[in-house]
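Enquirer: Could you have a look at this structure, given as structure tokens, before my questions?
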Amino acid sequence: MQGYELAKSVRTERSKYPDKIFIKWWRNEEDWIDFDLVARFLDTVDFGTDISGFSLIDQEEMWQVIEERAKGRATRVDRGDGNYVILYSPPEKAEMVERLPEYPYTPETLVKILDAETDFNYVD
């Protein structure tokens, strides 16, 4: 799937499931998988890129991917007011913008943590 067809398919799927704010996509070779925010993906997708498939996932599904990949280095904590934060210890050589004692539980943070955990190269 390429170009306009890909963007159209992603937009159609997103309109059916507005809570699915992340995209998981892969190439024909299926040698790697990438995750991103749907909005950012649509803004930056190269219409020449050949993508074999994609699925949209919600924030809870993305959190499950983080938990599995981080192997105990990421914990979601309810601060008592219904707001969550993430306690995260990045791998020693991970590229994080900032190393904090806690991170906000936001979609952007989840993508940053996954990128740090996989060194920007997620392989399933």
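The values are calculated or read from the model by the stated rules, or taken from the named source; none is laboratory data. Just so it is clear, the model here is predicted, and its values are computed rather than measured. Virtual Cβ from ideal backbone geometry, glycine too; neighbours counted across all protein chains shown. The area values use the complete protein model at the heavy-atom level, side chains included, leaving out ligands, DNA and RNA. Shrake-Rupley method; radii C 1.70, N 1.55, O 1.52, S 1.80 Å.
Enquirer: What residue among P90, P18, P101 has the largest mean-square fluctuation in a Gaussian network model of the chain, using Cα springs under 10 Å?
Expert: Highest fluctuation among the options: P101.
Enquirer: So, one more: Leaving out ligands, DNA and RNA but keeping every protein chain, what accessible area does I57 have, in Å² rounded to the nearest 10, with a 1.4 Å probe?
Expert: 20 Å²
Enquirer: Continuing with the same structure: Mind pulling the angle between the C-alpha long axis of helix 59-70 and the longest principal axis of the chain? Nearest 10 degrees, somewhere in 0 to 90.
Expert: Taking the Cα atoms of the chain, the angle to 59-70 is about 70 degrees.
Enquirer: Just subtract the alpha-carbon distance of S55 and A39 from 0.36 nm times their residue separation and send over the number in nm, one decimal.
Expert: That works out to 4.4 nm of additional length.
Enquirer: Which of the following values of semi-axes √(5λ) of the Cα gyration tensor in Å was calculated from the structure shown: (i) 33, 16, 12; (ii) 53, 14, 10; (iii) 27, 17, 11?
Expert: Comparing each candidate, only (iii) matches the computed number.
Enquirer: For the chain, what is the mean residue ellipticity at 222 nm derived from helices alone (per DSSP H run of n ≥ 4: -39500 (n - 2.57); sum divided by total residues; nearest 500 deg cm²/dmol)?
Expert: Rounded to the nearest 500, the figure is -11000 deg cm²/dmol.
Enquirer: Using only Cα atoms, tell me the angle between helix 3-16 and the longest principal axis of the chain; keep it within 0 to 90° and round to the nearest 10.
Expert: So the inclination is approximately 60 degrees.
Enquirer: Angle, helix 107-118 long axis vs. longest principal axis of the chain, Cα atoms, 0 to 90°, nearest 10?
Expert: Once rounded, one gets 90 degrees.
Enquirer: Next question. How are the Cα pair distances of segment 49-114 distributed, in percent, across 5 Å bins from 0?
Expert: All Cα pairs, binned at 5 Å, distribute as 3, 15, 27, 23, 15, 9, 5, 2, 1, 0 percent.
Enquirer: Can you compute the modelled spin-label distance between D81 and A7, with each label point 7 Å from Cα toward Cβ, in nm?
Expert: 4.0 nm
Enquirer: Here is a further query. Pairs of Cα atoms under 8 Å, at least six residues apart: use those to get the relative contact order of the chain, whole percent.
Expert: 24 percent
Enquirer: Can I ask one more? Show me the trypsin sites (Lys or Arg not before Pro) within segment 60-122 that DSSP assigns to loop and that have at most 10 other Cβ atoms within 10 Å of their Cβ.
Expert: Here the sparse-neighbourhood loop sites are K71, R79, K93.
Enquirer: Of the lysine pairs in the chain, how many meet both conditions: Cα atoms under 21 Å apart, and a spacing of 8 or more in sequence or different chains?
Expert: Lysine pairs, 8 or more places apart or on different chains, close enough: 10.
Enquirer: For the chain, with only Lys/Arg (+1) and Asp/Glu (-1) charged at the beta-carbon, what is the dipole magnitude about the Cα centre, in debye rounded to 20?
Expert: 280 debye
Enquirer: On to the next question. Considering the dipole of segment 25-74 built from charges on the beta carbon (Lys and Arg +1, Asp and Glu -1) around the Cα centre, which of W25, Q59, G72 is farthest to its positive end?
Expert: My answer, from the dipole projection, is G72.
Enquirer: How much length is gained on full extension from T106 to S89, taking 0.36 nm per residue of separation minus their Cα-Cα distance?
Expert: Difference between extended and current length: 4.5 nm.
Enquirer: How much solvent-accessible surface does K8 expose, in Å² to the nearest 10, with a 1.4 Å probe and all protein chains in place?
Expert: Accessible area, nearest 10 Å²: 110 Å².
Enquirer: How big is the equivalent ellipsoid of segment 40-86 along its three axes, where each semi-axis is √(5λ) from the Cα gyration tensor, reported in whole Å from largest to smallest?
Expert: Taking √(5λ) for each eigenvalue gives 30, 14, 9 Å, largest first.
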